[in-house]
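A.B. asks: Have a look at this one.
The values are calculated or read from the model by the stated rules, or taken from the named source; none is laboratory data. On a predicted model such as this, the values are computed, not experimentally measured, just so you know. As a convention, Cβ positions derive from the backbone with ideal geometry for all residues, glycine included, and neighbour counts pool all protein chains shown. We work out accessible area using only protein heavy atoms, side chains counted, and drop any ligands, DNA or RNA first. Shrake-Rupley method; radii C 1.70, N 1.55, O 1.52, S 1.80 Å.
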Amino acid sequence: VITELNCMKKLQTERLLLRPWRISDAESLYYYARDKRVGPIAGWPAHKSVAESTEIIQTIFMRDEVYAVTLLDDDKAIGLIGLSFCHESNFPIGDNDAEISYWIGTPFWGKGLIPEAVKALICHSFETLQLDNLWCYFADNVNSKRVQEKCGFKYHHIIKDQYVEYLDEIRTEVICRLTKSEWQKQQ
């Protein structure tokens, strides 16, 4: 379900509300993003302060198609899901494609919340945005690999020696793709 409230897009699932980020989310973001088990496997360093989290919200998260993941009965940001379009992606993708990124705070791991959010964003991407392909990647992140498999993404290729700017390191990334026609067949 997609709703427009105050001209700000929100996506709702059975248990989640995916909504735009707000500056007031900084404390919650810092609480979950300071955990060293979250950021580095997603490609960014653990946050060091609420001020840093505020700056990241302002400079990176407050853009089209990037959502705070919140529980339906609690407006507190517990994770992120978003799209990066062709010029923003971490690797080359088509002009009408997007890369999906996601993470969630450790207290919510293993509850199926991120696959639920990913499925909502996939539906929005193909039905509303009319994208051709969605892309994801993982390095040594087994949880992320499982999310991608549950959501229909399939192995596409490997990028060796991928530079991860925010961590200043080189990784081997496994790239997965979901085409619009593959998704339509799954429905």
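A.B. asks: How large is the dipole of segment 77-167 about the Cα centre if only Lys and Arg carry +1 and Asp and Glu carry -1, each at its Cβ, rounded to the nearest 20 debye?
C.D. replies: So the dipole magnitude of segment 77-167 works out to roughly 480 debye.
A.B. asks: Run the numbers on segment 76-153 and let me know its relative contact order in percent, using alpha-carbon pairs under 8 Å that are six or more apart.
C.D. replies: Result for segment 76-153 is 29 percent.
A.B. asks: What does the charge count near Thr54 come to, summing +1 for each Lys or Arg and -1 for each Asp or Glu among other residues with Cβ under 15 Å from its Cβ?
C.D. replies: -1
A.B. asks: Output the peptides 110-119, 151-160 sorted from most to least packed, where packing is the average of other Cβ atoms within 10 Å over each peptide's residues.
C.D. replies: So the peptides 110-119, 151-160, ranked by packing, come out 110-119, 151-160.
A.B. asks: Okay, next question. Convert each backbone phi in segment 141-149 into a coupling constant with the Karplus relation 6.51 cos²θ - 1.76 cosθ + 1.60 (shift: θ = phi - 60°), then list the ³J(HN,Hα) values in order as whole Hz, x for Gly and Pro.
C.D. replies: After applying 6.51 cos²θ - 1.76 cosθ + 1.60, I find 9, 5, 4, 5, 4, 5, 4, 4, 4 Hz.
A.B. asks: Give, rounded to the nearest 20 debye, the magnitude of the charge dipole that the chain has about its Cα centre when Lys and Arg contribute +1 at Cβ and Asp and Glu contribute -1 at Cβ.
C.D. replies: For this selection, approximately 560 debye.
A.B. asks: Given a 1.4 Å probe, how much area per residue of the chain is accessible, in Å²?
C.D. replies: Accessible area per residue, the chain: 53 Å².
A.B. asks: Among the DSSP beta bridges whose two residues both lie in segment 42-187, what percent are antiparallel, rounded to the nearest 5?
C.D. replies: So the antiparallel bridges amount to about 90 percent of the total.
A.B. asks: Additional query: Can you give the net charge of the other residues whose Cβ lies under 12 Å from the Cβ of Ser125, counting K and R as +1 and D and E as -1?
C.D. replies: Local net charge: -3.
A.B. asks: Assign unit charges at the C-beta atoms only (+1 for Lys and Arg, -1 for Asp and Glu), then state the dipole size of segment 5-86 relative to its Cα centre in Debye, rounded to the nearest 20.
C.D. replies: 140
A.B. asks: Oh, and also: Beyond 27 Å, what percent of the Cα pairs of segment 1-145 remain?
C.D. replies: When all Cα pairs of segment 1-145 are counted, 15 percent exceed 27 Å.
A.B. asks: Hey, what do the phi angles of segment 19-32 turn into as Karplus ³J(HN,Hα) couplings, whole Hz, using 6.51/-1.76/1.60 and θ = phi - 60°, x for Gly and Pro?
C.D. replies: Here the 3J(HN,Hα) series is 9, x, 6, 10, 4, 5, 7, 4, 5, 5, 4, 4, 3, 8 Hz.
A.B. asks: Which one, Val69, Ser49, Gly79, projects farthest toward the positive side of the charge dipole computed for segment 13-116 from Cβ point charges (K/R +1, D/E -1)?
C.D. replies: Ser49
A.B. asks: Arranged from highest to lowest average of other beta-carbon atoms within 10 Å per residue, in what order do the peptides 88-96, 60-68 appear?
C.D. replies: Put in order of decreasing packing, that is 60-68, 88-96.
A.B. asks: If amide hydrogens are placed 1.01 Å from N in the peptide plane, which non-local residues have theirs closer than 5 Å to the one on Thr13?
C.D. replies: Leu18
A.B. asks: Which three numbers, in whole Å and largest first, are the semi-axes of the equivalent ellipsoid of segment 62-115 derived from its Cα gyration tensor as √(5λ)?
C.D. replies: That gives 25, 12, 8 Å for the three semi-axes.
A.B. asks: Could you give me the ³J(HN,Hα) list for segment 86-100, computed from phi with Karplus coefficients 6.51, -1.76, 1.60 and θ = phi - 60°, whole Hz, x at Gly and Pro?
C.D. replies: 2, 6, 9, 5, 7, 7, x, 9, x, 5, 10, 10, 8, 9, 9
A.B. asks: If N is the number of residues in segment 59-187, what value comes out of its Cα radius of gyration divided by 2.2 N^0.38 Å?
C.D. replies: The reported ratio for this selection is 1.03.
A.B. asks: List the lysines whose Cα lies under 22 Å from the Cα of Lys185, skipping any in the same chain that are fewer than 8 positions away.
C.D. replies: The qualifying lysines are Lys119, Lys145, Lys150, Lys154.
A.B. asks: I want the local charge near Val147. Using Cβ-Cβ distances under 13 Å, sum +1 for each Lys or Arg and -1 for each Asp or Glu among the other residues.
C.D. replies: +3
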